[in-house]
Structure formats: C-alpha cells, structure tokens
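> Structure incoming, see below.
The values are calculated or read from the model by the stated rules, or taken from the named source; none is laboratory data. Quick caveat: nothing in here was measured; it's all calculated off a predicted structure. Don't worry about glycine lacking a Cβ; one is built from the backbone with ideal geometry, like all the others, and counts go over all protein chains shown.
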Amino acid sequence: MPSAGLFLARLVEGRKEIAVTATQWWLSASELRLALVSPDAITEELILIASWNEASHTYDGSVWRAGRQRWVRCREA
C-alpha cells in the first residue's frame with residue numbers, strides 16, 4: 001500500500017489546475033525547498049524556496065513560475 005507523501009502535489013493558477021509531481025524537496029527547521037514538475041518530468045512548473053519565520057510560525061519566501069517570482073507564505077495544513 002503506498003504511503004502518503006509529505007507534500008500534496010497540487011498547483012492551481014487562476015482557476016486552472018496544472019498536473020504536477022513533487023520531484024525534489026527539502027524541509028528543515030529553517031528552510032523549505034520544493035520543485036514541482038509535469039507528470040512526465042519534462043517541464044519544470046514551479047520552484048519554491050522559503051525560510052522559517054518564527055514570529056508567524058510560517059515559512060515565507062518566493063516561488064518561481066514561468067519566469068516570474070512571487071512572494072509566498074506556507075502554513076501547515
């Protein structure tokens with residue numbers, strides 16, 4: 001029986017859901033990194049790099065998608 005992954009591989013841009021797979025990730029007390037690619041592993045869809053923010057108990061950082069950088073805040077679900 002397959003186990004649940006650490007990350008839910010789901011990407012929604014606007015109202016369009018984009019199929020992705022989490023190929024690489026790193027999670028430590030101070031940093032979160034995540035790479036999402038297309039299911040066939042040909043297209044890099046998103047890169048996330050964030051650092052732990054003790055004040056808000058979140059990981060704050062940036063995502064890169066389609067050549068654009070955006071700010072992001074990650075919380076535990």
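> Which pairs turn up if I take residues in the range 33-58 that are closer than 18 Å to GLN69 by Cβ and hydrophobic (A, V, I, L, M, F, W, C) and look for partners that are at pLDDT 90 or above and not in a strand (DSSP E or B) with beta carbon separation below 6 Å, at least 6 apart in sequence or on another chain?
LEU36/VAL20
> Give, as residue ranges, the strands (runs of 3 or more DSSP E) completely inside the range 24-77 that count at least 3 residues that are surrounded by 12 or more Cβ atoms within 10 Å (Cβ to Cβ) and in contact with a Cys (Cβ under 9 Å, 6 or more places away or on another chain).
58-65
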